[in-house]
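Note sheet for the following structure.
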Amino acid sequence: MAASPQPAVDALTAITPYRIHVSQKYLDLTRQKLELVRLPREARSKYGASPISPTVSKTQLEPLIDHWLESDYDWRFQETQLNDHLPQFRTRVCGARLHFVHKTSNSPAAIPLLFIHGWPDSFITVSAVIDSLCEPYAASEDEQSQAPSFHVVAPTIPGFGFSEPVKEEGNNLWSTAEAFDALMKRLGYMHYMVYGSDWGFKIARAIALQHPESCMAVHTTNPEMPWPNPELNMFPGSGMLSPMQSIPVTPHVVSAQVPTDQQQTMAFALCDSPSGLLAYLMDMIKPPASTSAPASSVPTPSPHLSPYAQHSPALSSTSQPRDPWSPTNLINWTMLHWLPGPEISLRWVANSTSMEPALWTAHSQVPLGITHYSVPGSQRRPHDPSIWAEAYHRVAMIRRRMGDVRFAAWERPDDVVADIRELAGLLYGTGIGDAGMVVRGM
């Protein structure tokens, strides 16, 4: 099932350890720009001081800039934390040096897992789940009850973070999918599962379409899909129990919210202003006004759960981050775009958006697990008909959870670990076969 990483054979395929170290000159320049920041006047409506539109306000941004400048925030400390927690490497793949996190499990039966970040997040997202995914968890002495564990590989998209860019006209979700599959095979992982949400899911789907012999399953949260193509019908053996079953998917929208014809103009505006980039990313992230994470409710295990899910520690864990959107975390996210410059990631999103329609022209038999978050009383569109997801993938598992969550691995890491483990248990344990799709809620 799993393979040990292969030794490097020459300089072109060498895998070298990597530690983050940003030039002090660049950190000093960042501080100077923050000290000279000039913020715009607050937007006002004719009724008073209320913002005209629900975007980032000056009252939200000023305390974050102060935190960034004051001794409360220390990039060197954050850098050390990332280096000590995440085993990082670089290797040349598809013409560029790719940065990636790679942590192996002690379990001899561990499953390779490709963890794909999206936008505007980064490889830092894996830090919230990597330890739990790698550590084997035995519910009893019975080996059959041991929850799956994983060898986790979390690469950085070319041009993001500490990965070198490739030629920009060819830098898109399809080329990224090729690079990530090549990385897994260089590490000796010929077969692997994939996790990704938002743009990460789109890269994962591209891998499933291009390399179905290697991609064993995909797990995602709140997937966005377009209206089904009438030519993509329900495929035999898809695992559906009933054509009336509801599979939660999000109506397809441009998730990145990047004006694809203005990315160069935006690059000029953002690459010279750390405060402007912080405001822009906050508008993308939309952190809640109160950043205290809700306590996880622990439901009675459903009789439909796999044995792995029934005994998963994630169902009762209270170790979720209490404040995923603390000032320090928001600045860390911004720094990982500020350090390489945001222009490459903006162009990647624009290129990928223009090439995305090709994602939805074929059906994939690679099993798909879905975790869907919803908010009671929300005005969002209700769950769409099952054909929306089944038209594109073989749906193996659905997990419905409560909460207004977009970056699930960062905001609800215990949920993501539990659901990836359940999907892995279904595939590598009992198998989905003719048993149909597992659907469960809170």
| query | Taking amide hydrogens as modeled 1.01 Å from N in the peptide plane, which residues meet the under 5 Å criterion relative to Y18, leaving out close sequence neighbours? | reply | Q88, F89, R90
| remark: Beyond 29 Å (Cα-Cα) in this structure, taken from K33/K286; K33/K58; K58/K167; K33/K202; K202/K286, we find K58/K167; K33/K202
| field | Note, ³J(HN,Hα) from phi for segment 171-177, Karplus 6.51, -1.76, 1.60, rounded to Hz, x at Gly and Pro | value | 9, 8, 4, 6, 5, 5, 4
| Simple spin-label estimate for A362 and A14 in nanometres, 7 Å along Cα-Cβ | 3.7 nm
| task | Convert each backbone phi in segment 110-116 into a coupling constant with the Karplus relation 6.51 cos²θ - 1.76 cosθ + 1.60 (shift: θ = phi - 60°), then list the ³J(HN,Hα) values in order as whole Hz, x for Gly and Pro. | result | 4, 9, x, 10, 8, 9, 10
| said: Can you compute the FRET efficiency between R38 and C94 using 1/(1 + (r/R0)^6), with r the Cβ-Cβ distance and R0 = 45 Å? Round to the nearest 0.05. | reply: 0.60
| field | Computed FRET value (nearest 0.05) for Q24 with H67, which takes r as the C-beta separation and R₀ as 22 Å | value | 0.60
| task | Could you calculate the FRET efficiency of D323 with Q262 from 1/(1 + (r/R0)^6), where r is the beta carbon distance between them and R0 is 45 Å, rounded to 0.05? | result | 0.85
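FYI, it's all coordinate maths here, none of it is from the lab. Remember, predicted model here, so these are calculated numbers, not experimental data. As a convention, Cβ positions derive from the backbone with ideal geometry for all residues, glycine included, and neighbour counts pool all protein chains shown.
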